[in-house]
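Trainee: I have a structure here, written as structure tokens, and I will follow up with some questions on it.
The values are calculated or read from the model by the stated rules, or taken from the named source; none is laboratory data. Keep in mind that what you see is a predicted model, and the values were worked out from it rather than measured. Using ideal geometry, Cβ is built from the backbone for each residue, glycine included, and neighbour counts are taken over all protein chains shown.
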Amino acid sequence: MPNRIVSSIQNIGHRVIESVWRLGVASRFFILVLLKSGTSLRRFNLVIRELYFTGVLSLIIIVVSGLFVGMVLGLQGYETLQKYGSESAVGTLVALSLVRELGPVVAALLFASRAGSAITAEIGLMKATEQLAAMGMMAVDPIARVVAPRFWAGVISMPFLAAIFSVMGVFGGYLVTVVFIGVDEGSFWSQMQSAVDFRFDILNGFIKSCFFGVAVTAIAVFEGYDAPPTAEGVSGATTRTVVTSSLVILGLDFILTAFMFRGVS
Amino acid sequence: MTAETLIEVNDLNFSYGARAILKGIQMSMPRGQVVAIMGGSGSGKTTLLKLIGGTIQPTSGYVKFAGEVVHELNRDALFKLRRKMGMLFQFGALFTDLSVFDNVAFQMREHTNLPESMIRDLVLMKLHAVGLRGAHHLMPNELSGGMARRVALARSIALDPMLIMYDEPFTGLDPISLSVIGNLIRRLTDALGMTSIVVTHDVQESLKIVDYVYFIADGVIAAEGTPKEVRESIAPFVHQFVHGEEDGPVPFHYPAQTYKKDLNLEDNFA
Amino acid sequence: MQRTTMDLWVGLFVVTGIIALMILSLKVGNLNVYNPSHSYVITGNFENIGGLKVRAPVKGAGVVVGRVTDIQFSTQTYDAIVTMSLDSRFTFPKDTFASILTSGLLGEQYIGLAAGGDDVMLKDGDKVMKTNSAMVLEELIGRFLFDKAAKDDSL
């Protein structure tokens, strides 16, 4: 069936062209958001309101997940390390894995599904109920008034959430290994402190979370703004936000890690 | 009634790709009148409002608002122009995250530097005009459909515009709310000296309040006239539309091959 | 400007975030031990650095006083030039002995500084003259076998 082959190749080509097209639209939208950010910086109240919705309301899930991830890391790390008699290095293991990787990455994944999806749904719904059009007719630019504050709030909250996640994780690891199992507290902290470097580990983790914050919120606001103005359109866009930003987080993490830790132990 | 023209639509064409939505529309709307644009679903009425508001560009022809050609304005000038326009969307389009008060105050806060105390007085005045002063603290999801539309009306007159466009203001309302909205449109237009364009397919309610009617069908103006002329019109389309007849120039059946052919009654004997 | 409870929550959120960053920097990362802005750089030539890596700690009497910032191979002397950045609070005499040591049996390698008796202190850009290379397991075993063979021969 050569016809079927041709049509499936055409289909693939069509999809590729379509996604490149969409990427172009998204990039233009992203630049537009940056250009129109003046309003949100001048009226910071708008950003504070969104900080509440993206940051404060994500706190619970971040704190609880961080605690559990740290506890699991402590437990698993202890099980393995004690075979080599170096269970005091468990603090190092917990802290390094959290600060370098798990903190920024897992916090960003949680952030995408908690706050990112909410941003997409909210903007998509505003579009579907003509609120954005109404705003435009009232001579107020919806990108400046609705999109930009949400974008900046997301960018600001992400590093804070990642740091809170890491701290809760370290605390969870401490709880399991020191308090429950009984690893020596002094060596737990001192090994951790001598192994974790401020510039290479903590600063790089912080930079990572900033990148993730920009990526997740940019995807979330674009999907919301670009959603077809129907119920199915908005729900589809919400799903796409979570899927796309999760993939982008993991891909970006690889690239950033390769850049940051290249050639260093 | 002054004959001064606020909106002039000249040979306006608009098409989505190859599909022509509006074909050579010619209109003239004087200040201080309520003008209705009627037509079946999908006849391009809402598109016409978007062209007047400048959210889409015409394929050819132009819309002139207060002497300015809308689609030739740059972004800043267009935004300036839109401050003189209000638009009431089909279901109100209230900002769901703001209270009734903040919805009405929205434009004042965005476009003026009025002190908060003055904004408060103005908002309550606008809400009083639509009879909802007591509901200023409610959120949009606590309002009924008719109330939401009245709040949206208060919001669109917040900065005393020269023109208000109503997109299907009567859809989905009970008879009481319906006549409340209808009377509000008339009263506010007269009291504030505005011009109103009502896009609707609710014939009976709108004929009671408007000064002039345009009928749009298939992208062209099929008929126009005052309500009296329209009621007495014998033009088949207008007659069908005004009296809500099932069949006429707008056929009941979607174009198809013959019934017999569809049911394979002819082929069997061929 | 109106104050709302929302502002309070956002304020709390930001404070929590900043505190978390400070805990990470000070408690987990131990920023106060090693502050790169108040540091001086010294170098040392080692015959063999073994498994020493950039960022390995530099310790004096077991206390971290700095970090290895760079390792280069010299084509003139065919040995390794190790650059160390030390906290300026800790100064060492000119004849300080730098050796590459291992923490524990299989632990990471670090540079241990043993102070000498000179009156002149090391300054920024100075070179440590006395160095001791890393223990390489193969050499160690080789030496052990050689010694044993020598002993057996002498018997």
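Trainee: Would you point out the residue of segment A:31-42, among those that are buried (at least 16 other Cβ atoms within 10 Å of the Cβ) and either farther than 25 Å from A:Ala163 by Cβ or at pLDDT 90 or above (or both), that is farthest from the other protein chains (Cβ to nearest Cβ)?
Mentor: A:Val33
Trainee: Right, next: Just to verify a result, which residue in segment C:49-68, among those that are surrounded by fewer than 16 Cβ atoms within 10 Å (Cβ to Cβ) and not basic (Lys, Arg), is farthest from the other protein chains (Cβ to nearest Cβ)?
Mentor: Out of the qualifying residues, it is C:Ala61.
Trainee: Right, here's the next one. Answer with yes or no whether A:Leu67 is aliphatic (A, V, I, L, M), surrounded by 12 or more Cβ atoms within 10 Å (Cβ to Cβ) and over 30 Å from C:Gly17 (Cα atoms). Outline the logic, then answer.
Mentor: On the way: aliphatic (A, V, I, L, M): yes; surrounded by 12 or more Cβ atoms within 10 Å (Cβ to Cβ): yes; over 30 Å from C:Gly17 (Cα atoms): no.
When the stated conditions are applied, A:Leu67 does not pass them.
Trainee: Identify the single condition in (1) closer than 27 Å to B:Thr200 by Cα; (2) more than 11 Å from chain A (Cβ to nearest Cβ) that B:Leu122 does not satisfy, given that it satisfies every other one.
Mentor: The failed condition is (1).
Trainee: Considering only residues that are facing chain A (nearest Cβ under 7 Å) and buried (at least 24 other Cβ atoms within 10 Å of the Cβ), look in segment B:86-106 and name the one that is farthest from B:Arg149 (Cα to Cα).
Mentor: That would be B:Met87.
Trainee: Next question, about the same structure. List, please: which pairs have Cβ atoms under 9 Å, are six or more places apart or on different chains, and start with a residue in segment A:55-84 that is more than 15 Å from A:Pro104 (Cα to Cα) and end with one that is among the acidic types (Asp, Glu)?
Mentor: A:Gly77/A:Glu87; A:Tyr78/A:Glu87; A:Leu81/A:Glu87
Trainee: Can you confirm whether segment B:115-137 contains a residue that is of a type in the set (Asp, Glu), crowded, with 20+ Cβ neighbours inside 10 Å and within 28 Å of B:Leu81 (Cβ to Cβ)?
Mentor: no
Rundown of residues vs (1) closer than 20 Å to A:Phe212 by Cβ; (2) touching a Pro at 6+ places or on another chain (Cβ under 9 Å), yes/no style:
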{"site": "A:Ser86", "(1), (2)": "no, no"}
{"site": "A:Leu93", "(1), (2)": "no, no"}
{"site": "A:Val99", "(1), (2)": "yes, no"}
{"site": "A:Gly103", "(1), (2)": "yes, no"}
{"site": "A:Ala108", "(1), (2)": "yes, no"}
{"site": "A:Ala118", "(1), (2)": "yes, no"}
{"site": "A:Glu130", "(1), (2)": "no, yes"}
{"site": "A:Ala133", "(1), (2)": "no, yes"}
{"site": "A:Trp152", "(1), (2)": "yes, no"}
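Trainee: Hey, another quick one. Kindly indicate which of C:Asp95, C:Asp124, C:Asp152, C:Asp118 is loosely packed, with under 13 Cβ neighbours inside 10 Å, more than 17 Å from C:Ala56 (Cα to Cα) and touching an Asp or Glu at 6+ places or on another chain (Cβ under 6 Å). Let's see the steps before the verdict.
Mentor: Details: C:Asp95 fails: loosely packed, with under 13 Cβ neighbours inside 10 Å; C:Asp124 fails: touching an Asp or Glu at 6+ places or on another chain (Cβ under 6 Å); C:Asp152 fails: touching an Asp or Glu at 6+ places or on another chain (Cβ under 6 Å).
Of C:Asp95, C:Asp124, C:Asp152, C:Asp118, the one residue that is loosely packed, with under 13 Cβ neighbours inside 10 Å, more than 17 Å from C:Ala56 (Cα to Cα) and touching an Asp or Glu at 6+ places or on another chain (Cβ under 6 Å) is C:Asp118.
Trainee: Filtering segment A:178-199 down to residues that are surrounded by fewer than 16 Cβ atoms within 10 Å (Cβ to Cβ) and over 18 Å from A:Leu75 (Cβ atoms), which residue is nearest to the other protein chains (Cβ to nearest Cβ)?
Mentor: A:Arg199
Trainee: Would you pick out the residues in segment C:99-131 that are closer than 30 Å to A:Thr92 by Cα, part of a strand (DSSP E or B) and not hydroxyl-bearing (Ser, Thr, Tyr)? Don't jump to the end; show me each part of the working.
Mentor: As a first pass, look at segment C:99-131 and keep what is closer than 30 Å to A:Thr92 by Cα: C:99-115, C:131.
Remaining after also requiring part of a strand (DSSP E or B): C:99-102, C:109-114, C:131.
Of everything in segment C:99-131, those that are closer than 30 Å to A:Thr92 by Cα, part of a strand (DSSP E or B) and not hydroxyl-bearing (Ser, Thr, Tyr) turn out to be C:Ile100, C:Leu101, C:Gln109, C:Ile111, C:Gly112, C:Leu113, C:Ala114.
Trainee: Name the residue that is nearest to the other protein chains (Cβ to nearest Cβ), counting only residues in segment B:44-85 that are touching a residue at least 60 places away in the same chain (Cβ under 8 Å) and of a type in the set (A, V, I, L, M, F, W, C).
Mentor: Among residues in segment B:44-85 that are touching a residue at least 60 places away in the same chain (Cβ under 8 Å) and of a type in the set (A, V, I, L, M, F, W, C), the one nearest to the other protein chains (Cβ to nearest Cβ) is B:Met85.
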